Each structure stands twice: as C-alpha cells, then as structure tokens.
Amino acid sequence: MSVAAEVEQRFAAARTDAGLLKAGLFVEEVAALAYAAAADGPLTGADRAQALRFARHERAHAEVFETMLFALTVPVREHATGADLQALMPALRRAAPQQAWERLAELEGAAIAGQQLLGRRLQALDALRSVATVMAGGAQHLVAIRDTLADEPVTKAFETGR
Amino acid sequence: MVGTRRRFLGAAGALVGGALLGGCGAEEAGREPPSDAEVLGRLLRLELAAGAAVIGVAGAELIARQDALHARRLAAASGAQGREPAAAAQDAATALARKQEALFAYVEALPLLVDPELRVLVMQIAGSEAEHLAALRLATGKDPVPDPFAGFTDRMAA
C-alpha cells in the first residue's frame, strides 16, 4: 500500500474529533522522523540542511496537534516511533536523494489531504484554524521540494495534496 | 525558533480552548452569523486584490492564472460578482503582503462556513495561496519557507 493510501486510511478510520486530531498528530510526528532519517541517510549538503529544518517544522506542527488534543482534555500517550516510519516508508534511508524527496513530497501531500478531511469532519470548527496553519506550512514545504526536484509547476490552483 | 513556536502554541491553545469552552462568539453576542455566501463574498474581494497585486510581477504569470481560477470558484460558490480591481503596484513586496493577508483571511474564515464542502474548498485555496507565497519568495531568491506556519507565528502571538 502506498504512503498516501496508508495515511488516508488512518484519517478515514477516525470517528471523533480526538481520533482525527490523533491521526493528524501521528502524521506530523512521522514526517518529522522522515525528514530526520533522510538527513541522516541519502541527503547531503544543502538538501540535508533543508531536511533538518523541515524536521523541526514538523515537530512544531505536531506540537500544535498535541496542544489541540490537550484542549479537548485528551491525553496523548502514544507517539510515532522509528518503527512506524519503517513500516510506512521502509526504503527511505536507502533511497537515492531524488527518490527520498519524492517520498517526502508524497507524505506531505498525504498530510494535506488528511488535514482537509478534518475540514470536512471536525466538529470543533475553531480548531480548524490551527489545522489550516499546519496545512499551509506543509504546502510551502511542497513548493520547496518541487523546486528541488525541478518539478513544474511548483504551485497548484487548488492544493488537495493529491 | 523555540521562542516563536512557544508563542504560536500558546496562541493556538488559547484559540482552541476558548472555542471549546466558549462556543460561538457571534451567536452568543446576539449577532446573526454571516451566511456562507457572505463569507465567500468577502474572500472573493480579498482574492481579487491579491490577484491584482501579482499581475506584472516577474515570474508570477502562473500565480496570476491560478488566482483567476480561485476567483472564478469563489464567485460561483458565493453567487457574488467580483469586479477585477486595477493591477496594483506590480512589485514582489506588495504581492507578498497581499497574498499573506489573503491567506490569513482564508484561514480565519474556516469556522464561519457551515457547508463542509466549502470549508474544504477554502482549505484548498488557502493551500494554494501558501504555495504562492513560497513561490514568490523563491523567485526573489529568498527562503521559501521562513516560518513553519506560513506566516501565522507572529500573527497568532500578536
């Protein structure tokens, strides 16, 4: 199953606001791990620096989801681990630089698609503003990655993550 | 970055906690919440202003075309007739400022929309506007992603 399909399944399985936000938290935590793994593996130089910076961004995004769960008085007992990353993106550490960026772009897109599912299903509508700020940050990551990959165009008229 | 992240998280927590505890402010104050068409009509005006600001900016032709698509979808969804404003200053700094204003407006409008499909549409356009900001920065040799939250860190902490 593709990264996008697995992430989509995780969001789709959530039945409550807490479940949706936990799915969002998981994906941001995995993304932080993925960027860090790519920086430790195939990426070097400026690419590595970019990946490390995006890993920090993803950790900040994850903290927003955790804050929202705390606001819902939902304790966060589980966090994504290296094993989760390995299950979702098993070949990332061995990938060539271009393939690594492509996989990271796929994960960013899947996160955006999941966050837009929250736009449709979240009951606590004010929380959507915080979700959307994370989504906007992810969309900007996509532009930087598409530029690195020389993918054209770097922007979409309607960013669906797909 | 830790300081800015803390400021953002504090603001995000207050926003979400306040929303959950306090309900809808507009309704509690006895005011009619705006209709979806009114919300989209306001966004259309901002979209047209942001779109006008990129016309003529070097390397922004695709962005201008995508803005026109945003305006068309917003007009169709709201029933509003957007009038194309005159092209603005045609410099990247103005375009960035207008785009950032538009992104703020899209995000802030989200909880006001009753129709879930319109919320998704606004998120898709917000994602595109965030991308436009990054692309405009790239075109001027700047860091495309200076803030993990697409410019919201300072906005929410203010």
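The values are calculated or read from the model by the stated rules, or taken from the named source; none is laboratory data. None of these values were measured; they are calculated from a predicted model. Quick note on the areas: whole protein, heavy atoms, side chains included, nothing else; ligands and nucleic acids left out. Shrake-Rupley method; radii C 1.70, N 1.55, O 1.52, S 1.80 Å.
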Rg and Dmax [Cα atoms of the stretch A:107-146; Å; Rg one decimal, Dmax integer]:
10.5, 33
Mean residue ellipticity (222 nm) of chain A, computed from DSSP H runs ≥ 4 via -39,500 (n - 2.57), nearest 500
-25000 deg cm²/dmol
Give me the one-decimal Kirkwood hydrodynamic radius in Å for the stretch B:107-158, with the sum taken over alpha-carbon pairs.
12.3
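Please state, as a whole number in µm²/s, the translational diffusion coefficient that the Stokes-Einstein equation yields for the stretch B:34-140 at 20 °C and 1.002 mPa s, with Rh defined as the Kirkwood radius across alpha carbon pairs. Walk me through the numbers before you get to the answer.
Details: Rh = 13.5 Å.
Stokes-Einstein gives a translational diffusion coefficient of 158 µm²/s.
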Cα point-scatterer Debye curve for chain A, base-10 log of I(q)/I(0) at q = 0.12, 0.14 Å⁻¹
-0.47, -0.65
For chain A, take the longest principal axis of its alpha carbons; what is the angle in degrees between that and the long axis of helix A:127-149, to the nearest 10 within 0 to 90?
10
Cα-based convex hull, the stretch A:33-127, per residue volume (Å³, whole number)
101
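What quantity of accessible surface, computed with a 1.4 Å probe and excluding non-protein components, is buried in total between chains A and B, in Å² to the nearest 100?
That pair of chains buries around 4100 Å² in total.
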q = 0.07, 0.10, 0.14 Å⁻¹, the protein assembly as shown: log10 I(q)/I(0) [Debye, one scatterer per Cα]
-0.26, -0.53, -1.07
Viscosity 1.306 mPa s, temperature 10 °C: what is the translational diffusion coefficient of the stretch A:1-75 from Stokes-Einstein with a Kirkwood Rh over Cα pairs, rounded to a whole number of µm²/s?
120
